[in-house]
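Enquirer: First the structure, which I've put down as structure tokens, then a few questions once you've had a look.
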Amino acid sequence: MTDTDAERNPMIMSLFRKKTDTEPVYAVYNSIVAQSRQPVFYAQWGVPDTVTGRFDMISLHMALLFRRLRNGPEGSKEFSQALFDLFFKDMDRSLREMGVSDLGVPKKIQKMGNIFFGLLAAMNEAMDRNDAEALAAVLARNVFESEKAPQLRALADYVIARDAELAAQPIQTITAGSVHFEAAA
């Protein structure tokens with residue numbers, strides 16, 4: 001097969017790509033979703049208890065995990081991609097369950113993807129500079145939609161602590177399906 005044959009038929013090339021084991025991906029995704037559903041975020045910290053607020057919290061935890069995996073060894077990028085694919089497959093399913101039309105789902109998924117990548121880029125920029133104020137501003141825009149959110153600092157401190165916690169977890173353990181998040185307090 002020539003390179004041009006492969007370019008014309010990507011399905012053939014997918015047969016030769018290394019497959020990511022789905023069980024660890026599902027385990028890590030389920031841990032992220034469980035962490036994102038902690039009542040403290042919604043009842044005490046003022047994250048809107050809405051579909052959008054819950055998407056924002058899953059996105060936040062996904063972004064934290066992607067920060068951990070971004071410079072990992074071979075295989076971590078494939079794991080990240082599989083996790084991302086599962087996340088948006090789940091969002092697609094959720095939108096359909098909520099009654100969004102077949103024509104409306106792709107538009108909403110694209111918008112959600114843009115929101116996620118914007119959050120990830122802004123978080124990385126702020127956190128790579130160790131700029132807690134910039135991180136708080138990112139959270140204000142992306143989670144609370146207001147810089148006057150009463151518990152903005154609590155969420156920013158939580159994100160910084162979870163980032164450090166994830167940094168201490170071996171990437172091989174995470175990609176094997178085990179990730180740990182301390183409970184929000």
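The values are calculated or read from the model by the stated rules, or taken from the named source; none is laboratory data. Since the model is a prediction, treat every value here as computed from it, not as a measurement. Reconstructed Cβ throughout: ideal geometry from the backbone, glycine too, with neighbour counts over all protein chains shown.
Enquirer: List the number of the failed condition for ALA121; all other conditions in (1) hydrophobic (A, V, I, L, M, F, W, C); (2) in contact with a Lys or Arg (Cβ under 9 Å, 6 or more places away or on another chain); (3) assigned to a helix (DSSP H, G or I) hold.
Expert: If we test ALA121 against (1) hydrophobic (A, V, I, L, M, F, W, C); (2) in contact with a Lys or Arg (Cβ under 9 Å, 6 or more places away or on another chain); (3) assigned to a helix (DSSP H, G or I), just (2) comes out false.
Enquirer: Across segment 124-143, which residue is nearest to LEU166 (Cα to Cα) among those that are in a helix (DSSP H, G or I) and of a type in the set (S, T, N, Q)?
Expert: Filtering segment 124-143 for residues that are in a helix (DSSP H, G or I) and of a type in the set (S, T, N, Q), the one nearest to LEU166 (Cα to Cα) comes out as ASN124.
Enquirer: Continuing with the same structure: Looking only at segment 73-112, filter to residues that are assigned to a loop (DSSP other than H, G, I, E, B), over 17 Å from ASP21 (Cα atoms) and of a type in the set (Gly, Ala, Ser); which one of those is modelled with the highest pLDDT?
Expert: Kept after step one, since they are assigned to a loop (DSSP other than H, G, I, E, B), are these residues of segment 73-112: 73-75, 98-103.
Checking which are over 17 Å from ASP21 (Cα atoms) leaves us with 98-103.
Okay, now just the ones that are also of a type in the set (Gly, Ala, Ser), so 99, 101.
Values: GLY99: 80, SER101: 77.
Result: GLY99.
Enquirer: Taking the options ALA168, ALA132, ALA183, ALA82, name whichever one is small (Gly, Ala, Ser) and without any contact (Cβ under 8 Å) to a residue 24 or more places away in the chain.
Expert: Working: ALA132 fails: without any contact (Cβ under 8 Å) to a residue 24 or more places away in the chain; ALA183 fails: without any contact (Cβ under 8 Å) to a residue 24 or more places away in the chain; ALA82 fails: without any contact (Cβ under 8 Å) to a residue 24 or more places away in the chain.
Unique residue meeting the criteria: ALA168.
Enquirer: Just checking, does segment 87-95 include any residue being within 17 Å of the chain's Cα centre (by Cα), over 14 Å from VAL47 (Cβ atoms) and of a type in the set (Asp, Glu)?
Expert: The answer is yes, given that some residue of segment 87-95 is within 17 Å of the chain's Cα centre (by Cα), over 14 Å from VAL47 (Cβ atoms) and of a type in the set (Asp, Glu).
Enquirer: From the list MET123, MET127, which residue is aliphatic (A, V, I, L, M), crowded, with 18+ Cβ neighbours inside 10 Å and under 15 Å from the mean Cα position of the chain (by Cα)?
Expert: Testing whether each residue is aliphatic (A, V, I, L, M), crowded, with 18+ Cβ neighbours inside 10 Å and under 15 Å from the mean Cα position of the chain (by Cα) leaves just MET123.
Enquirer: Run GLU182 past the list (1) surrounded by fewer than 14 Cβ atoms within 10 Å (Cβ to Cβ); (2) assigned to a helix (DSSP H, G or I) and report the number of the one that doesn't hold.
Expert: Checking GLU182 against (1) surrounded by fewer than 14 Cβ atoms within 10 Å (Cβ to Cβ); (2) assigned to a helix (DSSP H, G or I), the one that fails is (2).
Enquirer: Moving to a separate point now. Would you kindly identify the helices (runs of 4 or more DSSP H) lying entirely within segment 1-48 that contain at least 2 residues that are of a type outside the set (Val, Ile, Thr) and at pLDDT 95 or above?
Expert: Where helices (runs of 4 or more DSSP H) fall fully within segment 1-48 and carry at least 2 residues being of a type outside the set (Val, Ile, Thr) and at pLDDT 95 or above, they are 22-36.
Enquirer: Going through segment 36-65 one residue at a time, which ones are farther than 22 Å from LEU95 by Cβ and either in contact (Cβ under 8 Å) with a residue 12 or more places away in the chain or touching a Pro at 6+ places or on another chain (Cβ under 8 Å) (or both)?
Expert: GLN38, VAL40, GLN44, TRP45, GLY46, LEU64, LEU65
Enquirer: Next up: Please pick out the residue among GLY53, GLY72 that is surrounded by 13 or more Cβ atoms within 10 Å (Cβ to Cβ), more than 20 Å from ALA185 (Cβ to Cβ) and more than 13 Å from the chain's Cα centre (by Cα). Before the answer, list the steps.
Expert: Working: GLY53 fails: more than 20 Å from ALA185 (Cβ to Cβ).
So the residue among GLY53, GLY72 that is surrounded by 13 or more Cβ atoms within 10 Å (Cβ to Cβ), more than 20 Å from ALA185 (Cβ to Cβ) and more than 13 Å from the chain's Cα centre (by Cα) is GLY72.
Enquirer: Related question: Condition first: surrounded by fewer than 20 Cβ atoms within 10 Å (Cβ to Cβ) and within 19 Å of the chain's Cα centre (by Cα). Now tell me which residues in segment 137-165 satisfy that.
Expert: Listed by number, the residues that qualify are ALA137, ALA140, ARG141, ASN142, GLU145, ASP157, ILE160, ALA161, ASP163, ALA164, GLU165.
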